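Below: one structure, written as structure tokens.
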Amino acid sequence: MDVVEMERTDEHFLLDGEEFVITPALRVRCDGGGGPLGHPVEYITLEKGGQAVCKYCDRRFLHSSHPEVARVRAEGRPFAP
Ligand SMILES: [Zn+2]
């Protein structure tokens, strides 16, 4: 199944100086947030329960069933990108 990201369902957190995105999608799109901090659009494929890091901006994408999700939600600082 190829699910394209629905951005409003993603959760963004800052934890230990890293940016985490928790998403239920198996395929996400990252452009670094656009504007001066943006980068070329990168499509990233996640496995169920898996994670991936954007090669441009080092954002870490966690699938919503990844084992670290509970810790990131509990200890991370939520923000709106
Ligand atoms: Zn990125």
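Are any residues in the stretch 33-48 out of contact with any Gly (no Cβ under 7 Å at 6 or more places or on another chain) and either closer than 19 Å to Ala80 by Cα or of a type in the set (Val, Ile, Thr) (or both), and if so, which ones? The answer is Gly33, Gly34, Gly35, Pro36, Leu37, Val41, Ile44, Thr45. For the criterion of being more than 14 Å from the ligand (Cβ to nearest atom) and touching a residue at least 60 places away in the same chain (Cβ under 8 Å), Ala80 passes. Has the stretch 51-66 got any residue that is at negative phi, crowded, with 17+ Cβ neighbours inside 10 Å and among the charged types (D, E, K, R)? There is at least one residue in the stretch 51-66 that is at negative phi, crowded, with 17+ Cβ neighbours inside 10 Å and among the charged types (D, E, K, R). One residue alone among Phe20, Phe61 is at pLDDT 95 or above and within 12 Å of the ligand (Cβ to nearest atom), and that residue is Phe61.
The values are calculated or read from the model by the stated rules, or taken from the named source; none is laboratory data. Note that the structure is a prediction, hence the values are computed from the model and not measured. Don't worry about glycine lacking a Cβ; one is built from the backbone with ideal geometry, like all the others, and counts go over all protein chains shown.
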